[in-house]
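The values are calculated or read from the model by the stated rules, or taken from the named source; none is laboratory data. Quantities reported herein were computed from a predicted structural model and do not represent experimental measurements. No Cβ is skipped: glycine too gets one built from the backbone with ideal geometry, and neighbour counts run over all protein chains shown. To get the accessible areas, we keep the full protein, side chains included, count just its heavy atoms, and leave off ligands, DNA and RNA. Shrake-Rupley method; radii C 1.70, N 1.55, O 1.52, S 1.80 Å.
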Amino acid sequence: MEKNEKRSLIQIIDDDLKNLQVAGKSLEKKGHRVSLSQSGREALEIAALIKPDLILLDVMMPEMNGFDVCQKIKSNPELQHIPIIFITLKTEPHDIVKCFEMGGVDFIAKPLNEPEFLARVQNHLDIKNTKEKLINQRQETMTLLENLGQGFMIFDKEGFVKPGSTKVVKKFFGHEPTGKNLADIFELNSDERNRFKKWCQNVWSGKISFKDLVSLAPQTYVKNNKSYFSLEYRPIYKPNEKRVIIESVICIASDKTKEWELKKKALKEEEKGITYNLIITNTIEFLDLMMDAVDSFWNIQLYLEKEKNRIHLEEVFRKIHTIKARFAYFKMSDFVKKAHEFENYLANLMEKESLDEKDWSLCLGYLKSLKKELEDFQTENKNLLELANKVFFLDEGNFRTVKIETVTSFFEKELGENSEHFINYKNKFLLGSLNLRFKGFSSLIKQLSGTQGKETQFLVSESSVVVNQEAYGPFIASCVHIFRNAIDHGIESVEERISKNKSPAGLIKVDISKSNDNEIKILIKDDGRGIDPGKLKKVVKKSSSELEKKFSKVKDEDYIQVIFKQGFSTKDNVDEVSGRGIGLEAVKNEVKKLKGTIRVLSKIEEGTTFVIFLPIYL
């Protein structure tokens, strides 16, 4: 035995002193330490104190025989791991079998054959040492795995977890996993359980390679919607002469909650940006949706609290489904999720033969949760909704638009100037072709035409001219007056157009092009009545002597420019569409601010064209 090698401690228990001395001397010669005991009771007390590496135990002893001593040792948690070799004269087969049944690791017959005796002792000491090394290595490995922050579970072909999981698993899932099925641990629903069961069957059948199946196992587990774990799988193989067989599979759970929360936050911010853009660009639709939702919720709550007639459940289901689909367009995922949960509950109720108070109460709870989600959105996005109300609406005859810089400032504050959605917003609304801005008048023109019983087709030609649209915002907003005048004074009714052999629908068209490298040309045309200079002169003579004097000696083509003068209007009454006499003058002022020019051209019964030249701002 090497000097630095640990000397084994061997306890010899035998009532015959001579046998103790012979065995003890043989072991000491080999460098082992020896403890001698002549009675079973004494041996148990000593064993508890010294905890030997190996016990040599005689079977036939007075008071307490070797089998009783062995039983006591094996029932003691602190001693039960110590290997016991029986030494006895009893060599009958049933005696030998009993030695092993009692927990002995070997049997040596008396009288002792020293070489055989020493070899057997050394063999079991080596086995014990090897076993201890393996246990230590396993403990070191487990400690390393624990420090990695990952949970390791080994499961069988039925999906049940075997003993030996890392401690962090219990911390992750809140319970000891041993003996539990992964389907229960990961709270799989019925469909997921069936898929996992089939997955296990395919894995252990060996017909499909593990690498082709691994992606079909559960990949994530979300606990109480608060913790997020990623799941990986590694096979443990047992050798076979013909093929490799999977014995077990390791499931590796990693806590990815922080990454998950950051990702959710990023997705939330992205969704917020998308929602803001959709609301600003579809303002009327969104505000209508909000009003529809409030009205629907009020009616549904009244039905759930008062009527409670299952015959109308399907109608409630359809309403919630429609509202959910409309909010989904605006990427309001939290609302959509709650609406979907309500839908599912309603679907279950419709399957039941009868409903009780608990059913109606839960149904009302889902509705109130949905209402609260909408109310929270309104509270959290108060500024956005106030802005949306200003972006595009008609109020007592006054068309109002919010300045684009107001929207820009709002988006920059809410999303950050370097955010992807703010940059996208700038590219979409600030840098681009002006035709996108003019197309925004489409619904307005349709609405104004409808109030007068007219049909108007509105076309904006495609343009490759790219400018900083923000610079032209006030001008474009003012162009509403041109469109109002075209509908009010230019475009005829359907009957009148047909009588003139014109198409039933009038046409308003916007063309944008470059007149040179530094200037854009905008033409706004209609195919209506045109401007009658004679009628204009009568209006001027009646309303303003100053204007009459100023325009008395100009040609007709110049005379019609009087429409840009403040207070000029050919309408007798102010109505929802026009007649205040400030519209076209406002357009001209915005053109002048941009250092541009505007002029109107017109031919009676052919139509009117506004010709606008503006510098290019980038």
| request: Treat each spin label as a single point 7 Å out from the Cα along the C-beta direction, and report the Leu89 to Tyr237 distance in nm. | output: 5.7 nm
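As a test, work out the antiparallel percent of DSSP beta bridges whose residues both lie in the chain, rounded to the nearest 5.
Numbers: 51 of 73 bridges.
Antiparallel: roughly 70 percent of the beta bridges in the chain.
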| field | Stretchable slack from Asn383 to Val294, in nm (0.36 nm times residue separation minus alpha-carbon distance) | value | 30.1 nm
| remark: Tilt, helix 283-302 to longest principal axis of the chain (alpha-carbon atoms), in degrees rounded to tens, equals 60 degrees
| remark: Reviewing [x] 1.33; [y] 1.26; [z] 0.98, the figure for Rg/Rh (Cα atoms, Kirkwood Rh) actually calculated from this model sits under [x]
| Ser419 accessible area, assembled protein chains, probe 1.4 Å, Å² | 30 Å²
| task | With the full set of protein chains in place, find how many percent of the accessible area of the range 204-287 is carbon and sulfur; take the probe as 1.4 Å. | result | 53 percent
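Using a 1.4 angstrom probe on heavy atoms only, work out the carbon and sulfur share of the accessible area of the range 476-533 in %.
Details: 1080 of 2320 Å².
The nonpolar share, carbon plus sulfur, comes to 47 percent.
If the limit is 27 Å between Cα atoms, which of Lys542/Lys603; Lys502/Lys525; Lys454/Lys549 go over it?
Values: Lys542/Lys603 23 Å; Lys502/Lys525 16 Å; Lys454/Lys549 37 Å.
Those over the limit are Lys454/Lys549.
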| If packing is taken as the mean number of other Cβ atoms within 10 Å per residue, what is the order of 522-528, 169-175, 609-615, highest first? | 522-528, 609-615, 169-175
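What is the percent carbon and sulfur in the accessible area of the range 1-159, measuring with a 1.4 Å probe over the protein chains and ignoring ligands?
Numbers: 4810 of 9360 Å².
Of all accessible area on the range 1-159, carbon and sulfur atoms account for 51 percent.
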| said: Restricting things to Cα coordinates, could you compute the convex hull volume per residue of the range 435-551 in Å³? | reply: 153 Å³
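Ranked by accessible surface with a 1.4 Å probe, highest first, in what order do His481, His321 come? Each step should come with its number before you reach the end.
Numbers: His481 40, His321 90 Å².
Ranked from most to least accessible, the order is His321, His481.
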| query | Can you list the lysines whose alpha carbon sits under 30 Å from that of Lys25, skipping same-chain ones fewer than 8 residues off? | reply | Lys3, Lys6, Lys51, Lys72, Lys74, Lys90, Lys98, Lys110, Lys128, Lys131, Lys133
| query | Once the other residues with Cβ under 12 Å from the Cβ of Asp191 are scored (Lys, Arg +1; Asp, Glu -1), what is the net sum? | reply | +3
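Give me the orientation-averaged projected area of the Cα convex hull of the range 1-137, in nm², one decimal.
On the way: hull surface 33.1 nm².
Computing the convex hull of the Cα atoms and averaging its projections yields 8.3 nm².
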| request: State the extension gain, in nm to one decimal, for the chain segment bounded by Lys541 and Gln457, taking 0.36 nm per residue of separation less the distance between their alpha-carbons. | output: 26.8 nm
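Can you tell me which of 411-417, 210-216 comes out highest on packing, and rank the rest after it, using the mean Cβ neighbours within 10 Å?
Working: 411-417: 16.3, 210-216: 12.4.
The packing order, highest mean first, is 411-417, 210-216.
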| request: Rounded to the nearest 10 degrees, what's the angle between the helix 333-351 long axis and the longest principal axis of the chain, both from Cα atoms, 0 to 90? | output: 70 degrees
| query | Can you give the accessible area per residue of the chain, in Å², using a 1.4 Å probe? | reply | 57 Å²
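Starting with the highest mean, order 195-207, 261-273 by the number of other Cβ atoms within 10 Å, averaged over the residues of each peptide. It would help to have the intermediate numbers written out before the result.
Working: 195-207: 15.2, 261-273: 13.7.
Going from most to least packed, we get 195-207, 261-273.
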| request: Could you pull out every one of the aspartates and glutamates with an alpha carbon less than 13 Å from that of Lys171, ignoring same-chain neighbours closer than 8 positions? | output: Glu146, Asp255
| query | Amide H to amide H, which residues 5 or more places from Lys514 or on other chains are under 5 Å from it, using H placed in the peptide plane? | reply | Lys521
| Dipole size in debye (nearest 20) for the chain around its Cα centre, Lys and Arg Cβ +1, Asp and Glu Cβ -1? | 1940 debye
